[in-house]
1. Does at least one position in the range 363-374 carry a residue that is open to solvent by less than 50 Å² (accessible area, probe 1.4 Å), outside any loop (DSSP other than H, G, I, E, B), among the aromatic types (Phe, Trp, Tyr) and under 29 Å from residue 296 (Cβ atoms)?
2. Give the residues of the range 247-267 that are aliphatic (A, V, I, L, M) and at pLDDT 90 or above, sorted by residue number.
3. Spot the failing condition for residue 57; the list is (1) at pLDDT 90 or above; (2) surrounded by fewer than 11 Cβ atoms within 10 Å (Cβ to Cβ); (3) in a loop (DSSP other than H, G, I, E, B), and only one is missed.
4. Specify the residue that is surrounded by the most Cβ atoms within 10 Å (Cβ to Cβ); the eligible residues are those in the range 65-90 that are under 22 Å from the mean Cα position of the chain (by Cα) and among the hydrophobic types (A, V, I, L, M, F, W, C).
5. Going through 314, 341, 280 one at a time, which residue ends up being on the phi < 0 side of the Ramachandran plot, surrounded by 18 or more Cβ atoms within 10 Å (Cβ to Cβ), acidic (Asp, Glu) and in contact with a strand residue (DSSP E or B) (Cβ under 6 Å, 6 or more places away or on another chain)?
6. So, in the range 244-256, of the ones that are assigned to a strand (DSSP E or B) and closer than 19 Å to residue 148 by Cα, which residue ends up most open to solvent (accessible area, probe 1.4 Å)?
Amino acid sequence: MKPNLLFFVRGIMGLFFLLFASMPSEARFSVYAKEDSSLYKQFKGSVLDSKTRNELIYASITVSGTTISTISNSEGKFSIKVPAENQNATLLISFLGYRNKVVSIQDLKPEKNVLYLEPSTTFLEEVVVKGGDAKNIYAGVLANRLQNYGDDPIQMTAFYRETIRKRRTYVSLSESIINVLKQPFQSGSQDQISLYKGRKNADYSKLDTVNFKLQGGPFSALYIDLVKYPDFIFSNEAFDLYDFNLEENTQINDNQVLVLAFKQKQGIETPLYYGKLYIDAKSLAVVSATFALNVENKVKAGLMFTRKKPAGLDIYPTEVRYQINYRQQKDKWIYAYSRADLTFKLNWAKRIFNTVYTTSIEMAVTDWKKQEKNENPDTQKLSSNVIMSDKVKSLGDPDFWGKYNIIEPEKSIETAIRKLQRKALSEGSVD
């Protein structure tokens, strides 16, 4: 047993730490009754480009007339569970740059549905924005937040997943169904999270003497929300730090979307961000954003993430990428999905080979409603420094998620889960 030496790695959206220990923490979890599968039907399939047949990743799939939804994974695959009372409805599939598609649920098969989306080809008229430049567009985004996103607290059900890989091998997987109380951006109050249920899969033998865990994961996913937390990327000095540039417009269901690119100004040595904001041309609501940290200066980028570390170790990020999507409900836009992918390199003194860890977190809102007064779900509330892998049990049966919608796992994750399950069963160990 190695000494419990801690070093912390901090990012703009949460805290990471490495613990030198070979034994997992005790897991705490609740027991849930098996749910009646006759109350819902599950449909699986893929979302593809109708012309290229390429997968469309992170496409939105919603039961029309409801707030029930999911997204396609990084391979374009999805699964959605539809309650019995909604099985005469339709599915609405949407993706940036494509026309919406509506499909009758009654026409779907349980498995292998292939849904093709048509690229938007409508002529793009020139959009004249008041003020005429990129800076004023971004200023309009901030000024219109109340109109576009509302000021009501929203009760959300969401699926959260975090994975950790050592080089190419998955060493930890954690998945949870959580309740999110999303506070309005004007309130200044932090979003709240409660745990419904979850499971983990981990192979601690692959970690050698290093046990890499993620602290604050679900909160980290929420902090990617640029509408509520703009200062994580853009401070009040945004125009002094970033250059903004309008690129060629795109569309979503034939509605024009402005593409506002940004990058840090030359001469600024502090690592900042670069990426694109996708903005509805009429309302100036951000509908999606992708951005990454400039890690060219690895020393300064490493200092941004490191709070405390043992002697003889250098750690720095080699890639830090984020994505946030919003979903329109009537005249408002709702936080719908976020993802972060971070890769770190660990260099030990007097060791020939370094170690590379990649951690990914993602959260998808699968249902939501406006919060009623004095409504608080009877679930386990989580703190902002929670370690989800310590809060949930190991493994799980095939029907573990019951009626809840999840992000369909990629093939690599499915393979990792099966391997970890077989290993746990052969060793007879369950946390």
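1. No, because not a single residue in the range 363-374 is open to solvent by less than 50 Å² (accessible area, probe 1.4 Å), outside any loop (DSSP other than H, G, I, E, B), among the aromatic types (Phe, Trp, Tyr) and under 29 Å from residue 296 (Cβ atoms).
2. As a first pass, look at the range 247-267 and keep what is aliphatic (A, V, I, L, M): 252, 257-261.
Passing the criteria: 257, 258, 259, 260, 261.
3. Here residue 57 meets the rest and fails (2).
4. Going through the qualifying residues, I end up with 71.
5. Numbers: 314 fails: surrounded by 18 or more Cβ atoms within 10 Å (Cβ to Cβ); 341 fails: surrounded by 18 or more Cβ atoms within 10 Å (Cβ to Cβ).
Selected residue: 280, the only one of 314, 341, 280 that is on the phi < 0 side of the Ramachandran plot, surrounded by 18 or more Cβ atoms within 10 Å (Cβ to Cβ), acidic (Asp, Glu) and in contact with a strand residue (DSSP E or B) (Cβ under 6 Å, 6 or more places away or on another chain).
6. First, the residues of the range 244-256 that are assigned to a strand (DSSP E or B): 244-252, 255-256.
Add one more test, that the residue is closer than 19 Å to residue 148 by Cα, and what stays is 251-252, 255-256.
Numbers: 251: 8, 252: 39, 255: 72, 256: 42 Å².
In this case the residue turns out to be 255.
Rundown of residues vs (1) open to solvent by 30 Å² or more (accessible area, probe 1.4 Å); (2) more than 15 Å from residue 279 (Cβ to Cβ); (3) at pLDDT 90 or above, yes/no style:
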| position | (1), (2), (3) |
| --- | --- |
| 210 | no, yes, no |
| 217 | no, yes, no |
| 225 | no, yes, yes |
| 228 | no, yes, no |
| 236 | yes, yes, no |
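This table checks each residue for (1) more than 30 Å from residue 150 (Cα to Cα); (2) touching a Lys or Arg at 6+ places or on another chain (Cβ under 6 Å); (3) assigned to a loop (DSSP other than H, G, I, E, B); (4) free of Cβ contacts under 8 Å to residues at least 12 places away in the same chain.
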| site | (1), (2), (3), (4) |
| --- | --- |
| 258 | no, no, no, no |
| 262 | no, no, no, no |
| 268 | yes, no, yes, no |
| 276 | no, no, no, no |
| 300 | yes, no, no, no |
| 304 | yes, no, no, no |
| 317 | yes, no, no, no |
| 323 | no, yes, no, no |
| 328 | no, no, no, no |
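The values are calculated or read from the model by the stated rules, or taken from the named source; none is laboratory data. The shown structure was predicted, so the numbers you read here are calculated from the model rather than taken from an experiment. With ideal geometry, Cβ positions are generated from the backbone for all residues, glycine too; neighbour counts draw on all protein chains shown. Just so you know, the surface numbers come from the protein's heavy atoms only, side chains and all, with ligands and any DNA or RNA stripped out. Shrake-Rupley method; radii C 1.70, N 1.55, O 1.52, S 1.80 Å.
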